[in-house]
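The values are calculated or read from the model by the stated rules, or taken from the named source; none is laboratory data. This is a predicted model, so every value here is computed, not measured. Cβ sites come from the backbone with ideal geometry, for glycine too, and all protein chains shown count toward neighbours. Just the protein is used for accessible areas: all its heavy atoms, side chains included, with ligands, DNA and RNA removed. Shrake-Rupley method; radii C 1.70, N 1.55, O 1.52, S 1.80 Å.
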Amino acid sequence: MDHQLFAEIYDAHAQAVYAHAVRMTADRTGAEDIVSLTFLEAWRLRDTLDSVTSHRAWLFGVATNVIRNTRRAARRHRDAIARLPPPDAVPDVADAVVSRIADAAQAAATLAVLKRLRRTDREVLLLHVWSGLSHDEVAQACGVPVGTVRSRLSRTRARLRTLAAAQLAEPPTSRRAPASPTAREGNL
């Protein structure tokens, strides 16, 4: 089988194999891996494709076997990890826990403010500020002109200043993150 014919088979059936893998695994990211492994296996077995009457059905069969093998490997990995001896005693991490609680409260307040932004404005802000993309890169990622990115950033920063001031003006008890089960039970 030549490269061109295999490429045509891929183009014709990759989306259907992906849909099948998503239905079988309920995991879109895992399904992408399944498609890659399916076509890798199909390439390995390409000499047998000449005798196949339905490439789609054959590829679904290969994908199903890949899914089974992947699940079997994951199960074996879990079982192997479960057989490992327990880790040594963990040193006292009280200071780290207190720091994480404070960080969690700040993160919860930040997320509360971010959730109040429009989705498009939040996306631009997160891509530019947290992901470190330039205005041009944000525009490319969002599929909008650079001027739109700049205006959204300006509007979002102004809105954040207003929301942050309001959030900070609230009494600490009304904006505190819910206590973890450990803290509620007094086991901290």
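Among 78-84, 128-134, sorting by the average number of other beta carbon atoms lying within 10 angstrom of each residue, highest first, gives 128-134, 78-84. The phi torsions of the range 42-57, fed into the Karplus equation with coefficients 6.51, -1.76 and 1.60 and a -60° offset, translate into couplings of 4, 5, 4, 9, 4, 5, 8, 5, 5, 8, 7, 8, 10, 4, 4, 4 Hz, rounded to whole numbers, with Gly and Pro shown as x. Based on DSSP H segments of at least four residues, each scored -39500 (n - 2.57), the chain has a per-residue ellipticity at 222 nm of -24000 deg cm²/dmol. Taking every protein chain into account, the 1.4 Å probe leaves residue 68 with about 130 Å² of accessible area, to the nearest ten.
Within the accessible area of the chain, what % is carbon and sulfur when the probe is 1.4 Å and the other protein chains stay in place?
Working: 7300 of 13230 Å².
Within the chain, the accessible surface is 55 percent carbon and sulfur.
Dimensions of the range 121-164 from C-alpha coordinates, computed as largest minus smallest value along each principal axis and given longest first, are 29, 19, 12 Å.
Taking amide H atoms as placed 1.01 Å from N in the peptide plane, the amide H of residue 144 has no partner under 5 Å among residues 5 or more positions away or on other chains. Remark on the chain: Rg and Dmax equal 25.6, 73 Å (Cα only).
Using heavy-atom solvent-accessible surface (probe 1.4 Å) with all chains present, what is the largest-first order of 39, 60?
60, 39
Each residue of the range 72-89 was assigned a 3J(HN,Hα) from its phi angle through the Karplus curve 6.51 cos²θ - 1.76 cosθ + 1.60 (θ = phi - 60°); the sequence is 4, 5, 5, 5, 5, 5, 4, 5, 5, 5, 5, 7, 5, x, x, x, 5, 4 Hz, with glycine and proline shown as x. For the Cα atoms of the chain, what angle does the longest principal axis make with the long axis of helix 94-115, in degrees from 0 to 90, nearest 10? Computed tilt is about 80 degrees. Each residue of the range 20-35 was assigned a 3J(HN,Hα) from its phi angle through the Karplus curve 6.51 cos²θ - 1.76 cosθ + 1.60 (θ = phi - 60°); the sequence is 4, 5, 5, 5, 6, 10, 6, 9, 5, 5, x, 5, 4, 5, 4, 4 Hz, with glycine and proline shown as x.
Seen against the Cα atoms of the chain and their longest principal axis, helix 146-169 is set at about 40 degrees.
For the range 1-148, the relative contact order comes to 16 percent (Cα pairs under 8 Å, sequence separation of at least 6).
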